[in-house]
Amino acid sequence: AGFSQIVIVGRRNDAPAQELERALATHYLPFAIHVPVTPGASQDALAARLDFIRGLAPGDGAGAYVCQNFTCNRPVTRAEELRDLLNAKR
């Protein structure tokens, strides 16, 4: 199956990020690591250890990236898009 990283970039308490988090929570992904990222200083600190996080942007409020081997697909900003992307990975 390979390991995946699901990165959600956005402010944790904002509606766009929460919507993406809820969409992710509806999927059973035993070989995926969920990485929530808050833009700004927190993202910079995390990027010091996980370089692939550095260039990920929140998009319009929040963005979700599905990554394989630390190479990420284009970001999605809506829950439906994230669900479709995760369903396609099965």
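The values are calculated or read from the model by the stated rules, or taken from the named source; none is laboratory data. Here the structure is a predicted model, which means the values were calculated and not measured. Cβ sites come from the backbone with ideal geometry, for glycine too, and all protein chains shown count toward neighbours. Note: accessible area is taken over every heavy atom of the protein model, side chains too, but ligands, DNA and RNA are not part of it. Shrake-Rupley method; radii C 1.70, N 1.55, O 1.52, S 1.80 Å.
Scanning region 12-29 for residues that are at pLDDT below 95 and surrounded by 15 or more Cβ atoms within 10 Å (Cβ to Cβ) yields a total of 1. If the condition is being in contact (Cβ under 8 Å) with a residue 40 or more places away in the chain and surrounded by fewer than 17 Cβ atoms within 10 Å (Cβ to Cβ), then region 68-77 contributes Q68, N69, F70. Selection of region 7-28 for residues being over 15 Å from P39 (Cβ atoms) and either touching a Leu at 6+ places or on another chain (Cβ under 8 Å) or among the small types (G, A, S) (or both) yields A15, A23, L24, A25, H27. Cβ-Cβ contacts under 8 Å between residues 6 or more apart (or on different chains), taken from a first residue in region 1-28 that is of a type in the set (G, A, S) to a second residue that is in a helix (DSSP H, G or I) and open to solvent by 70 Å² or more (accessible area, probe 1.4 Å), are listed as S4/K89; A23/E80; A23/R83. If the condition is being closer than 20 Å to Q18 by Cβ and open to solvent by less than 40 Å² (accessible area, probe 1.4 Å), then region 54-67 contributes L56, P58, G61, A62, G63, A64, Y65, V66.
Would you confirm whether or not region 17-26 contains a residue that is of a type in the set (V, I, T), in a loop (DSSP other than H, G, I, E, B) and over 12 Å from the mean Cα position of the chain (by Cα)? Checked against the condition, which is being of a type in the set (V, I, T), in a loop (DSSP other than H, G, I, E, B) and over 12 Å from the mean Cα position of the chain (by Cα), region 17-26 yields at least one hit.
Taking region 30-50 only, how many residues are open to solvent by 70 Å² or more (accessible area, probe 1.4 Å), more than 20 Å from L86 (Cα to Cα) and touching a residue at least 12 places away in the same chain (Cβ under 8 Å)? Summing the residues that are open to solvent by 70 Å² or more (accessible area, probe 1.4 Å), more than 20 Å from L86 (Cα to Cα) and touching a residue at least 12 places away in the same chain (Cβ under 8 Å) in region 30-50 gives 0. Only one of the numbered conditions (1) open to solvent by 60 Å² or more (accessible area, probe 1.4 Å); (2) assigned to a helix (DSSP H, G or I) is violated by L82, and that is (1).
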